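Below is one structure, written out as structure tokens, with a few remarks after it.
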Amino acid sequence: MVTNIQNWGNSQGIRIPKSIMSELKLTNGQPVELVVEGDHLIIRKADNGRKTINELFENYTGDYVCSEVDWGESVGNEVW
């Protein structure tokens, strides 16, 4: 598909057709990442910054030992 770069205020923009937005499951206002590789401009979904539990612990090498945490005496109307 061929499109044109157009002026939008003081910037330039590219319109992404609805069919491509749907195919890639992109929404208005969704962050995207622009990457230049040689003479190619690549537009891809931006990392939302949230990681899965597996990603968070992928480099963990320690031995986890489950232990109880003492939060102290009740200070309100807690029922234990």
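Read-outs: derived from the displayed coordinates by stated rules, not from any lab. As the structure is a prediction and not an experimental result, all values here were calculated from the model. Positions of Cβ are backbone-derived with ideal geometry, glycine not excepted, and every protein chain shown enters the neighbour counts.
Condition first: more than 28 Å from Thr3 (Cα to Cα) and surrounded by 10 or more Cβ atoms within 10 Å (Cβ to Cβ). Now tell me which residues in segment 29-74 satisfy that.
Result: Lys51, Leu56, Phe57.
Filter segment 32-50 for residues that are in contact with an Asp or Glu (Cβ under 9 Å, 6 or more places away or on another chain) and of a type outside the set (Val, Ile, Thr) and give the result.
Glu33, Arg44, Lys45, Ala46, Asp47
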